[in-house]
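Trainee: Sharing a structure with you now.
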Amino acid sequence: MAHIDGALHAESAGLRHAPPMVFVHPNPMDSASWLYQMAHFSTWFRCVAVDLPGYGRSPGATEGLTMTDLADACWEAVDEHATGQPAVLVGCSVGGAIVQHMAHRQPGRTGSVVISGCGWREEKDFVPGRVAAYQARGLDYRADYARQCFGAAFRTTPLAGWLVDLWTERNATADLDSILRMFAALGEPDPDWLARGLRSPVLVLSGSEDFTNGPARALAERIPDAEFVELAGAGHACQIEQPWAFDGEVLRFLRAHGHGHLPG
């Protein structure tokens, strides 16, 4: 795969012949940020949660990494773990940007798209600050960054602390240079066709305390016929703070768009 030192690692759950549901995680987490959704949606889907380069058990990335490279690598991981189609693509933050590219790269294999913690900005002014913090503190920055992804009420809970430990205990297999290369790819301006050209049904979810809430609304306005839903009190990683609310909205959305095998 271009600019990635091998195939991405992915975790899978559910029957192999079931329709695929693909999960792409945010910075600074890994595939475990979808642990609740993997347990829940594998009842009806073949769930595939990818580790992006430099995170979890995936290989590193080389200079020149692009969002297209990441999208293609995620599709390759789907091919290793699932056989059915079309797929439901679910992404948070950088994962939300990647699933948009995935939908463009293989529109015939894309059913519905769920985007959370992701927005549209004319200038991605948050990237230099994240890069500077990683350069100054190394992988130790992951802990503080992860806490910032939670809403104020959840941030101080024992569960939030446990989750932060879960990700940072994996720093031994993480790669700082790869993470910085992903930020370089993410920092490039989004082409106008990325959001405006999506033709699959799209749900945009955002926590009311998410620092991307405003840009998420702007993103939904750019996508033809996208639906926007705000989860009250949740932060950036709303799927792990409020899995009952996140999953409920996703199920409702998928039922409304022809997934007749779902309950309700």
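Readers should treat all values here as calculations from the given coordinates under stated rules, not as data from a laboratory. This is a predicted model, so every value here is computed, not measured. Counting neighbours? That spans all protein chains shown, and the Cβs are built from the backbone with ideal geometry, glycine included.
Trainee: For a quick check, take a GNM of the chain with Cα springs below 10 Å and name the residue from ALA226, ALA61, ALA216 with the largest mean-square fluctuation.
Mentor: In the Gaussian network model the winner is ALA226.
Trainee: Mean residue ellipticity at 222 nm from the helices of the chain, using -39,500 (n - 2.57) per DSSP H segment of n ≥ 4 over the full residue count, to the nearest 500 deg cm²/dmol?
Mentor: Helix contribution divided over all residues of the chain: -12000 deg cm²/dmol.
Trainee: To the nearest Å, what is the center-to-center distance of the range 76-135 and the range 7-31, using C-alpha atoms only?
Mentor: First find each Cα centre; the distance between them is then 12 Å.
Trainee: On to the next question. Which ³J(HN,Hα) values in Hz, rounded to whole numbers, follow from the phi angles of the range 86-98 under the Karplus curve 6.51 cos²θ - 1.76 cosθ + 1.60, where θ = phi - 60° and Gly and Pro get x?
Mentor: Each residue of the range 86-98 in turn: x, 9, 8, 9, 10, x, 10, 6, 4, x, x, 6, 5 Hz.
Trainee: Okay, next question. In a GNM of the chain with a 10 Å cut-off on Cα contacts, which of ALA103, ALA18, ALA153 has the highest mean-square fluctuation?
Mentor: Highest fluctuation of the listed residues: ALA153.
Trainee: Something else: Quote to one decimal, in nm, the extra length available between TRP162 and GLU188 on full extension: 0.36 nm per residue of separation minus the C-alpha distance between them.
Mentor: Taking TRP162 through GLU188 to full extension adds about 6.0 nm, to one decimal.
Trainee: Output ³J(HN,Hα) for the range 194-206: one whole-Hz value per residue in order, computed from phi by the Karplus curve 6.51 cos²θ - 1.76 cosθ + 1.60 with θ = phi - 60°, and x for Gly and Pro.
Mentor: 4, 8, 5, x, 5, 10, 7, x, 10, 10, 10, 10, 8
Trainee: On full extension of the chain, what length is gained from GLN85 through ARG199, given 0.36 nm per residue of separation minus the C-alpha to C-alpha distance?
Mentor: 39.4 nm
Trainee: Also: So what's the net charge close to GLU227: Lys and Arg +1, Asp and Glu -1, counting the other residues with Cβ under 14 Å from its Cβ?
Mentor: It works out to a net charge of 0.
Trainee: Quick query: amide H of MET21 versus all other amide H atoms, modeled in the peptide plane; which residues come in under 5 Å with a sequence gap of 5 or more or a different chain?
Mentor: ARG46, CYS47, VAL48, VAL88
Trainee: Taking the Cα centre of the range 10-256 as origin, sum charge times position over the Cβ atoms of Lys and Arg (+1) and Asp and Glu (-1), and report the length of that vector in debye to the nearest 20.
Mentor: For this selection, approximately 420 debye.
Trainee: If you take every DSSP beta bridge fully contained in the chain, what fraction is antiparallel? Give it as a percent rounded to 5.
Mentor: Within the chain, antiparallel bridges account for around 15 percent of the total.
Trainee: Let me ask you something else. Using the charge dipole of the chain (Lys, Arg: +1 at Cβ; Asp, Glu: -1 at Cβ; taken about the Cα centre), state which of CYS74, TRP44, PRO215 has its Cα farthest towards the positive end.
Mentor: Farthest along the dipole direction, towards plus: TRP44.
Trainee: Here is a further query. Could you tell me the distance between the Cα centroids of the range 219-264 and the range 141-203, to the nearest Å?
Mentor: 19 Å
Trainee: Go through the range 186-193 residue by residue and turn each phi into a ³J(HN,Hα) via Karplus (6.51, -1.76, 1.60, θ = phi - 60°); whole Hz please, and just put x for glycine and proline.
Mentor: With the stated coefficients, the range 186-193 comes to 5, x, 5, x, 6, x, 4, 6 Hz.
Trainee: From the residues LEU176, PRO224, ALA152, which one has its Cα farthest along the dipole of the range 149-225 in the positive direction, the dipole being from +1 and -1 charges on Cβ of Lys/Arg and Asp/Glu about the Cα centre?
Mentor: PRO224
Trainee: Looking at the chain as a GNM with Cα springs under 10 Å, which of VAL90, VAL250, VAL48 has the largest mean-square fluctuation?
Mentor: VAL250
Trainee: Tell me the chymotrypsin sites (Phe, Trp or Tyr not before Pro) within the range 181-264 that lie in a loop according to DSSP and have at most 12 other beta-carbon atoms within 10 Å.
Mentor: Qualifying residues, ordered by number: none.
Trainee: Can you pull out the GluC sites (Glu not before Pro) in the range 1-90 whose DSSP state is coil and whose Cβ has at most 13 other Cβ atoms within 10 Å?
Mentor: Taking the range 1-90 and a limit of 13 other Cβ atoms within 10 Å, the loop GluC sites (Glu not before Pro) found are GLU63.
Trainee: Residues with amide H under 5 Å of GLY207's amide H, sequence separation 5 or more or different chain, H placed in the peptide plane at 1.01 Å from N; which?
Mentor: GLY117, LEU231, CYS238
Trainee: Next question. For the chain, report the % of Cα-Cα distances exceeding 26 Å.
Mentor: Percent of Cα pairs beyond 26 Å in the chain: 34.
Trainee: Any idea what diffusion coefficient the range 138-264 gets from Stokes-Einstein, in µm²/s, Kirkwood Rh on alpha carbon pairs, 20 °C, 1.002 mPa s?
Mentor: For the chosen part, D equals 128 µm²/s.
Trainee: Give the share of C-alpha pairs in each 10 angstrom bin for the range 1-75, from 0 to the last occupied bin, in whole percents, shortest bins first.
Mentor: With 10 Å bins starting at 0, P(r) equals 21, 48, 26, 4.
Trainee: Taking +1 at the Cβ of each Lys and Arg and -1 at the Cβ of each Asp and Glu, which of LEU139, GLN239, ALA61 sits farthest along the dipole of the chain towards its positive end, judged by Cα position relative to the Cα centre?
Mentor: GLN239
Trainee: Under 8 Å for C-alpha pairs, at least 6 residues apart: give me the relative contact order for the range 10-256, rounded to a whole percent.
Mentor: Normalised by residue count, the contact order of the range 10-256 is 23 percent.
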